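Visitor: Before I ask anything, let me first share the structure, which is written out below as C-alpha cells.
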Amino acid sequence: MSSWISPNFTFESAGFASLGGAMLGIAVAALLFFNGKLAGISGIVSGILIPGRKAITAPSGEKKEVIDWFDVAWRAVFMFGLILAGFIMRWGFPAFSVPRLVQFPTSGVPLWRMILAGVLVGFGVKLGNGCTSGHGICGISRLSKRSFVATGLFMLFGMISTLIFYNL
C-alpha cells in the first residue's frame, strides 16, 4: 500500500492527513498547556543550539547568568519525540511501509537544489521571526495578524517557487 505518498487526493490520503493534523493539534496544545510554550520548531531548535540563560544569585550574593538546562532539556526531548514519531509511523505501522526498505520515495530534485532551498528557508525563518509551524499552527490559532500575513507569504512564495522550478 504505497498510495499514501501519491499526489492524488483520495479518502485514504484525507484520513492520513486528518490523523496527522489531529496529532499536531494535540502536541501543540499539550506543549502550551503543560509547558506554556508555543510549538515553533525553528525556535525550539535554536533554543538547543543557542541555549537560553537565566539569572541566579550565588550564596555569596553575587548575581550570575547560567545556561537554563531545563529549557534545553524539554526542547531536546520534544525534538527527539518528533523524530521518533516519524520512525514509529514509518516502520511501526504496515500502512506506512514501502515494500522494499531500500527504495525510499524520492522527489527527483537534485541535492544542490534541496540544500539551496534549506538555506533560503533558514533565512526566511529568521526574517519572518518564525517558521510555518510557529506562525501557521500556533499564530493563526491565536488570531495573530502577523502570523496570518507570514503564513500567507509562506504559501505565496511556495507557489511561486514551485512555478519557477517546475515550469521554467
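The values are calculated or read from the model by the stated rules, or taken from the named source; none is laboratory data. Here the structure is a predicted model, which is why all the values come from computation and not from measurement. With ideal geometry, Cβ positions are generated from the backbone for all residues, glycine too; neighbour counts draw on all protein chains shown.
Visitor: When only residues in region 139-168 that are buried (at least 19 other Cβ atoms within 10 Å of the Cβ) and either at pLDDT below 85 or not hydrophobic (A, V, I, L, M, F, W, C) (or both) count, which is farthest from the chain's Cα centre (by Cα)?
Guide: Checked region 139-168; the qualifying residue farthest from the chain's Cα centre (by Cα) is SER147.
Visitor: Shifting gears a bit: What residue, among those in region 81-95 that are more than 19 Å from VAL45 (Cα to Cα) and surrounded by 11 or more Cβ atoms within 10 Å (Cβ to Cβ), is modelled with the lowest pLDDT?
Guide: ALA95
Visitor: When region 24-37 is examined, which residues are found to be in a helix (DSSP H, G or I) and either loosely packed, with under 15 Cβ neighbours inside 10 Å or outside the structural domain of PHE70 (by TED's automatic domain parsing) (or both)? Before you say what the answer is, go through the steps one by one.
Guide: Quick first cut of region 24-37, residues in a helix (DSSP H, G or I) only: 24-35.
Hits for region 24-37 are LEU24, GLY25, ILE26, ALA29, ALA30, PHE33, PHE34, ASN35.
Visitor: If you don't mind, there's one more thing I want to ask. Looking only at region 65-79, filter to residues that are of a type outside the set (D, E, K, R) and not in a helix (DSSP H, G or I); which one of those is farthest from ALA27 (Cα to Cα)?
Guide: Going residue by residue through region 65-79, those that are of a type outside the set (D, E, K, R) are 66-67, 69-70, 72-74, 76-79.
This time we only want the ones that are not in a helix (DSSP H, G or I), so: 66-67.
Values: VAL66: 29, ILE67: 26 Å.
The extreme case among them is VAL66.
Visitor: If you don't mind, another one. Return the pair list, or none, for Cβ contacts closer than 6 Å from residues in region 58-75 that are basic (Lys, Arg) to residues that are in a strand (DSSP E or B) and surrounded by 11 or more Cβ atoms within 10 Å (Cβ to Cβ), at least 6 apart or on different chains.
Guide: The qualifying pairs are LYS64/ILE56.
Visitor: For LYS63, which of the numbered conditions (1) of a type in the set (Lys, Arg); (2) over 17 Å from GLY130 (Cβ atoms); (3) surrounded by 12 or more Cβ atoms within 10 Å (Cβ to Cβ) fails to hold?
Guide: Here LYS63 meets the rest and fails (3).
Visitor: Right, something else. Just checking, does region 38-54 include any residue being modelled with pLDDT of 85 or more and part of a strand (DSSP E or B)?
Guide: Yes, some residue in region 38-54 is modelled with pLDDT of 85 or more and part of a strand (DSSP E or B).
Visitor: OK, next. Please go through (1) in a helix (DSSP H, G or I); (2) touching a residue at least 40 places away in the same chain (Cβ under 8 Å) for GLY21 and return the number of the only condition it doesn't satisfy.
Guide: In the conditions (1) in a helix (DSSP H, G or I); (2) touching a residue at least 40 places away in the same chain (Cβ under 8 Å), GLY21 misses (2) alone.
Visitor: Can you pull out every residue in region 107-135 that is on the phi < 0 side of the Ramachandran plot, surrounded by 19 or more Cβ atoms within 10 Å (Cβ to Cβ) and not hydroxyl-bearing (Ser, Thr, Tyr)?
Guide: VAL125, GLY128, CYS131, GLY134, HIS135
Visitor: Among the residues of region 57-73, is any outside the structural domain of HIS135 (by TED's automatic domain parsing), among the β-branched types (Val, Ile, Thr) and modelled with pLDDT under 80? If you could, list the steps in order and put the result at the bottom.
Guide: Step one: list which residues in region 57-73 are outside the structural domain of HIS135 (by TED's automatic domain parsing), which gives 57-73.
Right, trim to among the β-branched types (Val, Ile, Thr) and you get 57, 66-67, 72.
Next, only the ones that are modelled with pLDDT under 80 stay: none.
No.
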